[in-house]
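The values are calculated or read from the model by the stated rules, or taken from the named source; none is laboratory data. Computed from a prediction, not measured in an experiment: that's the story for all the values here. When we count neighbours, we look across all protein chains shown, and the Cβ atoms used for this are built from the backbone with ideal geometry, even at glycine.
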Amino acid sequence: MTSSRLLSTCVLVSVLVGCRGGGDVPTVPEKVVGHCVYTNRFSSMEECRDYVGEWSETAATEDCEDQGSTVVLGSACELEQRLGYCFLGGEDERWTRISFPGVDAEQCGSMKRGCELFGGGVFDPAPLCGGKVEDSGGGTGLPTFQQPVLTCREPKPGEPSGRSPGGQVCTWEMISGATEPGRSFMDYASCDRVRTQRPYYPVPPAEDATREDARLKDPTYVAELNWVRSQIESTACICCHSTRAPRGPSNWYVESPGNFVNSFYPRGLAMGAGWINTVGFGAYRPEHNNGFSRASPERPNDPIFVTTDAARIARFFEAELAQRGYTREDFAGQTYGAGPLDEQRFYRPTACERGEGVGADGTLTWKGGKARYVYVLEQEATSPTVPPNLDLPEGTLWRLDVPAAGSPVESGTVRYGVVPTGMSQRFPESGPPAALTSGKSYYLYVLADIIVPITRCTFTAP
């Protein structure tokens, strides 16, 4: 019986006899035969499993097919947003290592139970779930989020003067940032900073991406294709969608042989057409971003791409979808495209428990570990997510940040209205926050890092 069938059997019979695992995390071989990305048929969640040790390629292929997917031989899962691993098997030095994706610490308990109680495996928690901290980013298991900075540089030799004072070229180092049109983002900003702002990992392009494309003989089409590529190269998208990314491109990439648009999956095209709402990714206003912007609360139907002409780039991707035989109705069920960013943006908190909240002496108490960001908001405020426009929602009363190089803070070390050493007050810009009203409910939102909440609940001011 393969480990996948063992897991399925345990889930089905657990109500009768139980199927318990647990114990020490095993030491497994370094050899990885391949990996499999699939949707768990019981939880309906996407997972990734590594075939570790003495798996044969045939057995790994069959196991992945059992999951309704296709194995990728010769590489391991590249999942950076992870709650933990579940180790199954071990017979004959053959292990299945399942990665549980996610950034919500509230799911840690259910992941552990699913692995050990139902799966009969051993759960190895990521730092977010209380496991060993392997980085300096506050125990999230992810690189510390680098806040955006505005970088100004002299134009490259042979390029015209910039639009900023002194002829400089100024660029926001942010995933939604852009340099001036016609210039390369990589020449004027740091992609290393950008790649901390969204988990980066290599992903293969769409199948048959390098196929011959007769449209490349059409001068009108090629001119529009080159404009789209130029727009992308001027934006931070290029940091992950290029062969110059440290571990290779994430899915589509501008250097893909032939027509680079053929490296897109249909969902990416639909986001480019504005058929899927991508407001949750965050955006600058064009006047602050060299004329570039993308979907925002003010313009929710704009595409995901940071561009100087939203209508033009949307038409290009709509035409590409039509050429592949897709219509808007094919994506009708995909209302929002930002995944966990949207989930956090629409999250509605429940009442605080276990003593969480703000005490009579102003001390803030939270659960889940050390924090880099601490918010107190009005009860009905939208949950904060990402800069530049979604991380300081209306209704924010107080926000504290720990700088990227600083050490996260523990619960009980912060008092409302008092900025501790090593933290900075982001809001209000100056002076103390508004006093809390006794008997009124407020929203406590605490993050281990951007997009990694550890406490989200409402409390009543004492």
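Quick notes
- Set side by side, the residues Ser250, Ser234, Ser256 differ, and just one is crowded, with 18+ Cβ neighbours inside 10 Å, in contact (Cβ under 8 Å) with a residue 24 or more places away in the chain, in contact with a Cys (Cβ under 8 Å, 6 or more places away or on another chain) and on the phi < 0 side of the Ramachandran plot, which is Ser250.
- With respect to the conditions (1) at pLDDT 90 or above; (2) within 30 Å of Thr455 (Cα to Cα); (3) of a type outside the set (D, E, K, R), Cys64 lacks only one, and its number is (2).
- Close pairs (6 angstrom Cβ cut-off, 6 or more residues apart or separate chains): over 20 Å from Asn389 (Cα atoms) in region 415-430, surrounded by 13 or more Cβ atoms within 10 Å (Cβ to Cβ) and hydroxyl-bearing (Ser, Thr, Tyr) anywhere: Arg415/Thr363
- Cβ-Cβ distances below 9 Å connect the following pairs, each with a first residue in region 349-362 that is polar (S, T, N, Q), a second residue that is surrounded by 12 or more Cβ atoms within 10 Å (Cβ to Cβ), and a separation of six or more residues or different chains: Thr350/Arg456; Thr350/Cys457; Thr350/Thr458.
- Residue list for region 91-113, filter: touching a residue at least 12 places away in the same chain (Cβ under 8 Å), more than 27 Å from Arg345 (Cα to Cα) and either touching a Leu at 6+ places or on another chain (Cβ under 9 Å) or acidic (Asp, Glu) (or both): Asp92, Glu93, Trp95, Thr96, Arg97, Ile98
- Residue in region 301-313 that is among the polar types (S, T, N, Q), buried (at least 19 other Cβ atoms within 10 Å of the Cβ), in contact with a His (Cβ under 8 Å, 6 or more places away or on another chain) and in the same structural domain as Pro204 (by TED's automatic domain parsing) present: no
- Taken over region 211-266, the criterion of being in a loop (DSSP other than H, G, I, E, B) and of a type in the set (D, E, K, R) is satisfied by Arg211, Glu212, Asp213, Asp218, Arg244, Arg247, Glu255.
- From Arg215, Arg211, residue being loosely packed, with under 13 Cβ neighbours inside 10 Å, of a type outside the set (A, V, I, L, M), farther than 25 Å from Thr171 by Cβ and in contact (Cβ under 8 Å) with a residue 12 or more places away in the chain: Arg211
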